[in-house]
1. DSSP loop chymotrypsin sites (Phe, Trp or Tyr not before Pro) in region 50-138 with at most 10 other Cβ atoms within 10 Å of their Cβ, which ones?
2. Please work out how many pairs of lysine residues in the chain are eight or more positions apart (or on different chains) and have Cα atoms closer than 20 angstrom.
3. Once phi is turned into θ = phi - 60°, what whole-Hz ³J(HN,Hα) does the Karplus curve with 6.51, -1.76 and 1.60 give for every residue of region 169-174, x standing for Gly and Pro?
4. Computing the accessible area with a 1.4 Å probe over protein heavy atoms, can you report the carbon and sulfur percentage for the chain?
5. What list of ³J(HN,Hα) couplings, whole Hz, do you get for region 32-45 from phi and the Karplus terms 6.51, -1.76, 1.60, once you set θ to phi - 60° and write x for glycine and proline?
6. For region 6-11, what does the Karplus curve 6.51 cos²θ - 1.76 cosθ + 1.60, with θ = phi - 60°, yield as ³J(HN,Hα) per residue in whole Hz, taken in order and with x for Gly and Pro?
7. Note the full-extension length gain between Arg143 and Lys74 as 0.36 nm times their separation in residues minus their Cα-Cα distance, in nm to one decimal.
8. Rolling a 1.4 Å sphere over the protein heavy atoms, what is the accessible area per residue of region 1-58, to the nearest Å²?
Amino acid sequence: LLLSLGGEADNADNWLSIARHPQYLMRFYAELENLIVQHGYDGIDIDWEPSPLTDEDGVAYTSMLKGLRARFPKMVLTTALGASEYWISHHSWKDVFDSVDYVNVMVYTYSGAWGGRAAYASNLHPPSAYPPQPEFSVEEGMRNLIVNHKAPPAKLLMGITFWASRFAVNKIGDPFPINQPGY
């Protein structure tokens, strides 16, 4: 049973305010320890969202993970990250994999109002609507992690969504105006 912290957010300001201030970070670790002991958790899941978008944010993220591993060496430690370069290019994958037992790979939201073409949210293989790239399919995203970032496959868990996206088009692959209401 893991204590899961974080999730979808407009920005990572709360995470950054903790990770960049040693005093706040020590208090965070102490509060985590209290919760773990009080409720008998087996570990901690850090869902830092949005993922680090600058190298400086990436250093804060991986430093926090290293600190968690040092503070809780016998606990299960996981983190959630996307598979596309946009979300994963600003941190050290080696530091992440050295610190956690598993990475919960968020292989979803491969389509949306931002894309301009109707597609599935968690398509397993590259859709014909887009060129093959990590941003648009589970297969390409996982390949990106394993091949380009040397992710140990045994440390990767896939999180696939079962929600649907709605597009006002006739069929998958049809274009629509980007970022318009109703898409």
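1. Loop-located and lightly packed - Trp114.
2. Taking the chain as the scope, the lysine pair count is 8.
3. 9, 7, 7, 4, x, 5
4. 56 percent
5. Listing the rounded values in order: 4, 4, 4, 5, 4, 5, 4, 10, x, 5, 8, x, 9, 10 Hz.
6. Karplus-based 3J(HN,Hα) across region 6-11 equals x, x, 3, 8, 5, 8 Hz.
7. The span from Arg143 to Lys74 would gain 21.9 nm if fully extended.
8. Using a 1.4 Å probe on heavy atoms only, each residue of region 1-58 averages 61 Å².
The values are calculated or read from the model by the stated rules, or taken from the named source; none is laboratory data. A quick note: this is a predicted structure, and the numbers were derived from the prediction, not measured. No Cβ is skipped: glycine too gets one built from the backbone with ideal geometry, and neighbour counts run over all protein chains shown. The area values use the complete protein model at the heavy-atom level, side chains included, leaving out ligands, DNA and RNA. Shrake-Rupley method; radii C 1.70, N 1.55, O 1.52, S 1.80 Å.
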